Amino acid sequence: MEKSLFVGGVVSLTTIDYPGHLSTVIFLQGCPWRCTYCHNRHLQSILPTESLPWEDILNLLAIRKGFVEAVVFSGGEPLMQERLVDAIGDVRSMGFKVGLHTAGPFPNVLAKVLHCVDWVGFDVKYTFENYSQITNIQDSGAAAKESLKLLVESGIAFEARITVHESMNIPSIVEILKELSSLGVKTVALQKCRDKCENVVEHAIFSDKLLLEDMSKYFDNFYIRG
């Protein structure tokens, strides 16, 4: 029996999910973590009856070929999907570049996928030692750190993104940035967190221009995204 790909939703056109490229985002169901600020809670579980047919997605991409440049697999957590590699192959065969949004909970799966993608947006949750404070899952930091090391070693273009939640204090954010720099990360984006009504939740670090300027020196590219 052929394995299924469980799709929770699609954004047909976006300019922000794959930097520098017009892209379509495919949101896959399922995530092993339960982050405190998760905005896609409806995608945490795999619900086959609510999945969009993969053939319909491919038909949509066929229509957009020549206009959309890339397809991004997001979630949920795409690495949970057994058919991810096959789906990426389907998309690549149509001539699209492929982006991946992941938090790296499954390093062994990421290792199999990296050769298939052109760019990765890697979500960093907290200091690796204290990941469970955000994910609510024990040892999640060790998995994320291993995945990030694989990503750095791969040479594939990627961005590490930190959603700055109100529970994070400034020293912990600085520690995260220093950890990323020590692992060889070159591109980082600090993202402002949003509440359930999509309102930006301001954090004191975004007002500390001198600190941000100092932290930016650790990286080739350092962005504030709100």
Around residue 194, what is the net charge, scoring Lys/Arg as +1 and Asp/Glu as -1 over all other residues with Cβ under 12 Å from its Cβ?
-1
Of the listed pairs 112/209; 65/149; 145/192; 97/209; 65/209; 65/217, which have alpha-carbon separations greater than 32 Å here?
112/209; 65/149; 97/209; 65/209; 65/217
With the chain reduced to its Cα atoms and the Debye formula applied, log10 I(q)/I(0) at q = 0.11, 0.12, 0.13 1/Å amounts to -0.54, -0.64, -0.76
Calculated from DSSP H runs of 4 or more alone, at -39500 (n - 2.57) each and per residue, what is the 222 nm mean residue ellipticity of the chain, nearest 500?
-8500 deg cm²/dmol
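Count neighbours as other Cβ atoms within 10 Å of each site's Cβ, and list the trypsin sites (Lys or Arg not before Pro) in the range 171-226 that are DSSP loop with at most 10 such neighbours.
Qualifying residues, ordered by number: 196, 217.
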Restricting to DSSP loop positions (anything but H, G, I, E, B) with no more than 13 other Cβ atoms inside 10 Å of their own Cβ, which GluC sites (Glu not before Pro) remain in the range 139-226?
166, 198, 202
Cα gyration tensor shape of the range 14-57, rounded if a/c is under 1.5, else prolate or oblate by comparing a/b with b/c
oblate
7 Å from Cα along Cα→Cβ at both residue 223 and residue 207: what's the point-to-point distance in nm?
2.6 nm
Output the 0 to 90 degree angle, nearest 10, between the alpha-carbon long axis of helix 84-93 and the longest principal axis computed from the alpha carbons of the chain.
70 degrees
Within the set of other residues whose C-beta is less than 13 Å from the C-beta of residue 212, count the net charge using Lys and Arg as +1 and Asp and Glu as -1.
+1
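Considering only the other residues whose Cβ falls under 11 Å of the Cβ of residue 46, what net charge follows from Lys and Arg at +1 and Asp and Glu at -1?
On the way: positive: none; negative: 50, 77, 82.
In short, -3.
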Mind checking the full-extension length gain between residue 169 and residue 157? Use 0.36 nm per residue of separation minus the Cα-Cα distance, one decimal, nm.
1.4 nm
Fewest-first sequence of 163, 14, 49 by Cβ atoms within 10 Å of each Cβ:
49, 14, 163
Considering only the range 113-209, what is the antiparallel percent among its DSSP beta bridges, to the nearest 5?
15 percent
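Each value in this text was obtained by applying a stated rule to the coordinates, not by laboratory testing. If you're wondering where the values come from, they're calculated on a predicted model, not measured in any experiment. Neighbour counts are summed over all protein chains in view; Cβ atoms, including those assigned to glycine, are modelled from backbone coordinates with ideal geometry.
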